[in-house]
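This report refers to the structure that appears directly beneath it.
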Amino acid sequence: MIDRLLAAEPVVATAGVDLLADALEAQGASVSRAAWRPPPDEVSDALATIALHRRTDKANRIAVERMMGVRPVLTGIGVARDALGLGERTFLHAGPPIAWEDCSGPMRGALVGAMLYEGLAASPEEAVALGPEIELSPCHHHRAVGPMAGVISPSMPLAVVADADGDGAAYTTLNEGLGKVLRYGAFAPEVIDRLRWMERVLAPTLDAALRRIDPIDLRSLIGQALQMGDDGHNRNRAATSLLLRELGAALLEGDDPSRDRAEVFRFMHANDHFMLNLVMASAKVGVDAASGVAGSSLVTAMARNGTEFGIRVSGTGDAWFTAPAPEVDGLYLGSFTAADANPDLGDSAITETVGLGGFAMAASPAIVGFVGGTAADAVRRTLAMYEITLVEHPHYRIPFLESRGTPTGIDAIRVVRTGVMPVINTGIAGKEPGVGMVGAGIVEAPVACFLQAVRALAAIESDEEA
Amino acid sequence: MISHVEVRRRTYHDSVRLMQASAAVQRVDGVETALVAMATDLNLTLLQDLGFEVAETTPDDMLVAVRAADEAVIAPALAALDAALETPAGDGDMAAPEPRTIGTAAARAGADLALISVPGPHAFVEAAEALASGLHVMVFSDNVPVHQEIALKQQGLEAGLLVMGPDCGTAVVSGLGLGFANAVRPGPVSLVGASGTGIQQLCCLLDAAGVGVRHALGTGSRDLSHAVGGRATLQALVALDEDPATEVIVVVSKPPSPEVAEEVSAAAAACTTPTVLCLIGESTLEDGAAAALRALGREPTPPAVWPTRGETPRQGTLRGLFSGGTLRDEARMIVAGTLGEAAAADMIDFGDDEYTRGRPHPMIDQRLRLEHLGETAADDSIGVALLDVVLGHGAHPDPASEMAPVVADAKEVGLGIVVSLCGSSGDPQGRDAQAAALNEAGAAVFLSNAAAARHAVEVVGGTR
């Protein structure tokens, strides 16, 4: 190896003092400079400890291989009570664990709505009184994910996404559409009526259609949708259309009343985000497969409960590392403004965790408009994410970048080393319960979560040495 | 207050674009509320909630609704809308962001060598990444814990990668100078050693004799310590022995740990390429250069001197003000060897950690050392100041321009000045011009550090 170094003038990569790189260039050498900056003091020992033990690279390779090894397919529609074994007063929610009294407005609104929907309370006031008695548990702890408030109550229909090449599976609610909807904290009668219709008509009709065909390969649909301008998080118009094409004939063949089938078709047609929940469940199957690899710094969850932002990494298993949920930088609907916005909310950042959403923005330049950005900004955002990710996705590719795979598999260590924060495309909920969606925008994951995670990984290395 | 609602039939704009356009209209003076959106059911509801009258539409139509203080605001509001929908949004610059770590920087350029000079506490992480990426590494940084140095060198050995440093100030690879390095012509001699300025001095003395250098592999100031065990020096020695274009090898080091010295001597003896050992304390750098020249079949001649003429300096002791550690060590041994330990007690290395924390290296920034030279002139118990001036890549672009005036002032008050000038004929600062400027100011200038030290001893000892 050294003979090769000594055979010709080297190409040099530099990090540190610019004067030394200048001196190389003055000699006509080929130099590639890192724009290095010191990591925060509180992790510099932890980074050295982890580097000293030298098992992260291999652990990350294993974890990423498991994540990419799944092939998520949509197999059917179940009911939360049976699929997840939920008790009558157990409600799941987005993000890291939270108690009723810490819930933000939209989370509270969604829980109130779910209590009304389940018939546990007859009025919003009754529901609020009952709130402290509801057992809350994160979706992520039950192989499930939900956008925004992510509330799953026992009677709700759930889409079942299975790994066609393994035995993993994940569950998610069916998407209600935009505007006044439960996941944004709305609980008006029309919201509850819609949920009941989804349970009564949408779920059985879809399930029957799905049973008439082979499971739908969601990874393939998502890959195609990126070619058509989706990002898999804030823009799912192409993927939803593709899903409808897959389902079309099977829906028509059904013996449900034709009016029901037409309503189902119309509902999905009117809701560009129908596919979002399915993209999220696809991602969840992958990250769960990648969890628990000793030494791995692969991020396996980024999720927000409206109060806190939490992440998990593979090497620390089920532990959450949390920080206050950040404000979203965005555009607002109608006359809403930033003053109406709740902090960041939802499990949907699971899409960024697998190389979609903000990470795939170059495939979906229109999205970047949410922060007054440009198509070039979208491309730069995606390019920046390659610095903190472990692989390029073999199935999710960006046409504009010569079909380069999206940056996939966030490495918590690289996040703290570089200061490049994961970028997330997201919707914005009104901060008051019952308001619903007020806008959409872009948010960066808080660095504090990653600092804690890296310190925890280093503590494990030190413990094992002791 | 007036409301303006218009429907633009069969006009499609993307929803994000329309939200931006709404925001642009909203910003117009006098506009209270604005909504620009496709006429979907959701948006029609929004329009109604905002208190606008909804016209007959299809989802393919675009709605424009503005509520404003008076009619005069509507025209500028609509103009703002059209501008927002028509103006291209950006400059189209899609350059990839700068790489943030050594691994990313290396991957972008297909690099094979990493030069790391980040602060010591952070150097290990970058160096470990460079090794994991298959790069040879030079760690210029100092203040790196020794257990990290051992870990890096062990990792390098396992992967067949060379780790130069930490605290490696100098290397030359195929003529390319890294860190502080003198410009050398290509040639038959390769150097290896745990000594930055030792390597530089050898390069310059060989250059003065018309002999070029192929490689000079610094291994870091601690490589030949007991703890590190000469890992990098031994590895580099084998590599240089196998390098077909290297005709003579010189191993140079500050005084090594005895058992490591034994191991290195054995390895040098086992080389098929003629190998010269130059261990400071046992021999001088000048001796090392001479031995290398003899191994090439050349007869060495004394290195250049720019002597002073005229008056004898004032009586007093010797003070050394150095920027190079090995140059200081060598000078101190010569002084101690002839005048005794006490005479060699006042020789400072300004490149040492205690002087460089939070401050650039004295080869780059001479201010602190020149301040000390001024104080030395003012202290009439001191007769002679011995200084080094190190030229080459990475060093101050014109050290004599700052040093000569201080030298001249010191001469005025009778201080004797002896300069060890470590420079090659090709150095960007111009070696001979630097020598001439210092000499004109009153310094005796020597290309050989050992010769400079011997001269200082003679002056202080009163033998001339």
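FYI, it's all coordinate maths here, none of it is from the lab. The structure presented is a predicted model; accordingly, all values stated were derived computationally and were not measured. Here the Cβ is made from the backbone with ideal geometry for all residues, glycine too, and neighbour counts use every protein chain on show.
How large is the dipole of the protein assembly as shown about the Cα centre if only Lys and Arg carry +1 and Asp and Glu carry -1, each at its Cβ, rounded to the nearest 20 debye?
Numbers: 67 positive and 118 negative charges, 242 e Å.
About 1160 debye.
Nearest 10 degrees, 0 to 90: what angle lies between the long axis of helix B:325-339 and the longest principal axis of chain B (Cα atoms)?
Taking Cα atoms only, the helix is inclined about 20 degrees.
At a threshold of 8 angstrom on Cα-Cα distance, excluding pairs fewer than six apart, so keeping six or more, what relative contact order does segment B:299-356 reach in percent?
Values: 43 pairs, mean separation 21.1, N = 58.
Once normalised by length, the contact order is 36 percent.
Take every Cα-Cα pair in segment A:246-306 and report what % of them are more than 16 Å apart.
Numbers: 1168 of 1830 pairs.
Of the Cα pairs, 64 percent sit more than 16 Å apart.
Is the shape of segment A:325-466 rounded, prolate or oblate, going by the alpha carbon gyration tensor and its root eigenvalues a ≥ b ≥ c, with a/c under 1.5 for rounded and a/b larger than b/c for prolate?
Working: a/c = 2.55, a/b = 1.28, b/c = 1.99.
Since a/c reaches 1.5 but b/c is at least a/b, the shape of segment A:325-466 is classed as oblate.
How far is it, in nm, from the label point at B:T338 to the one at B:V413 when both lie 7 Å from their Cα along the line to the Cβ?
According to this spin-label approximation, the distance is 2.6 nm.
Normalized C-alpha radius of gyration of the protein assembly as shown, against 2.2 N^0.38 Å?
Values: Rg = 36.0 Å, N = 930, 2.2 N^0.38 = 29.5 Å.
Here the answer is 1.22, to two decimals.
Working from the pairwise distances between different alpha carbons, so that the mean of 1/r is found and then inverted, what is segment A:1-87's Kirkwood radius in Å?
Working: mean 1/r = 0.0528 Å⁻¹.
Final number for the Kirkwood radius of segment A:1-87 is 19.0 Å.
Would you mind computing, in nm to one decimal, how far apart the modelled labels at B:E262 and B:Q48 are, each placed 7 Å from Cα along Cα→Cβ?
9.6
For segment A:192-203, in order, what is each residue's ³J(HN,Hα) by Karplus, 6.51 cos²θ - 1.76 cosθ + 1.60 with θ = phi - 60°, in whole Hz (x at glycine and Pro)?
Along segment A:192-203, the couplings run 5, 4, 4, 4, 5, 4, 4, 6, 7, 10, 4, 4 Hz.
Can you return the lysines within cross-link range of A:K180? Criterion is Cα-Cα under 22 Å, with same-chain partners fewer than 8 residues away left out.
Answer for A:K180, where 22 Å is the Cα cut-off: A:K431, listed by chain and number.
Restricting to Cα pairs below 8 Å that are 6+ residues apart, what does the relative contact order work out to for chain B? Please round to a whole percent. Present the calculation step by step, with values, prior to reporting the outcome.
Working: 957 pairs, mean separation 51.3, N = 464.
Dividing the mean separation by the residue count of chain B yields 11 percent.
Roughly how compact is segment B:1-98, stated as its Cα Rg over 2.2 N^0.38 Å to two decimals? Don't skip to the answer; put the middle values down first.
On the way: Rg = 14.8 Å, N = 98, 2.2 N^0.38 = 12.6 Å.
In units of the globular-protein estimate, segment B:1-98 measures up at 1.17.
Rounded to the nearest 0.05, what FRET efficiency is calculated for B:A245 and A:D329 with R0 set to 45 Å and r the Cβ-Cβ distance? Each step should come with its number before you reach the end.
On the way: r = 59 Å, r/R0 = 1.30.
Calculated transfer efficiency: 0.15.
Given the C-alpha centroids of segment B:198-220 and segment A:17-45, what is the distance between them in whole angstrom?
If you average the Cα positions of each part, the centres end up 25 Å apart.
How far is it, in nm, from the label point at B:A270 to the one at A:A448 when both lie 7 Å from their Cα along the line to the Cβ?
Those two pseudo-labels are separated by 5.7 nm.
Find how many whole Å separate the alpha carbon centroid of segment A:189-254 from the alpha carbon centroid of segment A:428-466.
Segment A:428-466 and segment A:189-254 have Cα centres separated by 30 Å.
Using +1 at the C-beta of Lys and Arg and -1 at the C-beta of Asp and Glu, which of A:Y332, A:A376, A:M148 has the Cα lying farthest in the positive direction of the dipole of the protein assembly as shown?
Farthest along the dipole direction, towards plus: A:A376.
Tally Lys/Arg at +1 and Asp/Glu at -1 over every other residue whose Cβ is under 15 Å from the Cβ of B:V31; what's the total?
Details: positive: B:R27, B:R67; negative: B:E6, B:D29, B:E32, B:D70, B:E71, B:D82.
Value of the local net charge: -4.
Roughly how big is segment A:48-121's charge dipole about its Cα centre, with Cβ charges of +1 (Lys, Arg) and -1 (Asp, Glu), in debye to the nearest 20? Walk me through the numbers on the way to the answer.
Numbers: 9 positive and 7 negative charges, 115 e Å.
Charge dipole, segment A:48-121, about its Cα centre: 540 debye, nearest 20.
From the square roots a ≥ b ≥ c of the eigenvalues of the alpha-carbon gyration tensor of segment A:117-269, which class results: rounded (a/c under 1.5), prolate (a/b over b/c), or oblate?
Values: a/c = 1.78, a/b = 1.45, b/c = 1.23.
In terms of gyration-tensor shape, prolate.
For chain A, taking Cα atoms only, what is the radius of gyration to one decimal and the Dmax to the nearest whole Å?
23.0, 82
FRET efficiency for A:R196 and B:D82, Cβ-Cβ distance as r, R0 = 45 Å, nearest 0.05?
Numbers: r = 45 Å, r/R0 = 0.99.
FRET efficiency, A:R196 to B:D82: 0.50.
When the Cα atoms of chain B are enclosed in a convex hull and the volume is divided per residue, what value in Å³ results? Show your work: numbers first, answer last.
Details: hull volume 104.2 nm³, N = 464.
Convex hull of Cα atoms, per residue: 224 Å³.
Whole-Hz Karplus ³J(HN,Hα) for segment A:211-227, in order, using 6.51 cos²θ - 1.76 cosθ + 1.60 and θ = phi - 60°, x for Gly and Pro?
3J(HN,Hα) across segment A:211-227, in whole Hz: 6, 7, 10, 5, x, 8, 6, 6, 4, 5, 4, 5, x, 5, 5, 5, 5.
In whole angstrom, how far apart do the alpha carbon centroids of segment B:137-178 and segment A:48-99 sit?
The distance from the Cα centre of segment B:137-178 to that of segment A:48-99 comes to 41 Å.
Please give the helix B:74-86 orientation as an angle from the longest Cα principal axis of chain B, in degrees from 0 to 90, rounded to the nearest 10.
Once rounded, the angle reads 50 degrees.
Mind listing P(r) for segment A:58-186? All alpha-carbon pairs, 5 Å bins, whole percents.
The percentages, shortest bin first, are 2, 11, 19, 22, 18, 11, 8, 6, 3, 1, 0.
For segment B:62-195, max minus min Cα coordinate along each principal axis, in Å, sorted largest first?
86, 37, 24
With the contact rule set at Cα under 8 Å and sequence spacing of 6 or more, what percent relative contact order holds for segment B:4-101?
On the way: 135 pairs, mean separation 36.8, N = 98.
For segment B:4-101, the relative contact order is 38 percent.
With a ≥ b ≥ c taken as the square roots of the eigenvalues of the C-alpha gyration tensor of segment A:318-379, please select rounded if a/c is under 1.5 and otherwise prolate if a/b is larger than b/c or oblate if it is not?
Here segment A:318-379 falls in the oblate category.
Take the Cβ-Cβ distance between B:R314 and B:D365 as r, set R0 to 30 Å, and report the resulting FRET efficiency rounded to the nearest 0.05. Each step should come with its number before you reach the end.
Values: r = 29 Å, r/R0 = 0.98.
Between B:R314 and B:D365 the formula returns 0.55.
Rank-order A:339-346, B:104-111, B:194-201, A:375-382 by packing density, defined as the average count of other C-beta atoms within 10 Å over each peptide's residues, highest first. Write down the numbers at each step before the final one.
Values: A:339-346: 24.2, B:104-111: 19.6, B:194-201: 31.6, A:375-382: 22.8.
Sorting A:339-346, B:104-111, B:194-201, A:375-382 by mean packing, highest first, produces B:194-201, A:339-346, A:375-382, B:104-111.
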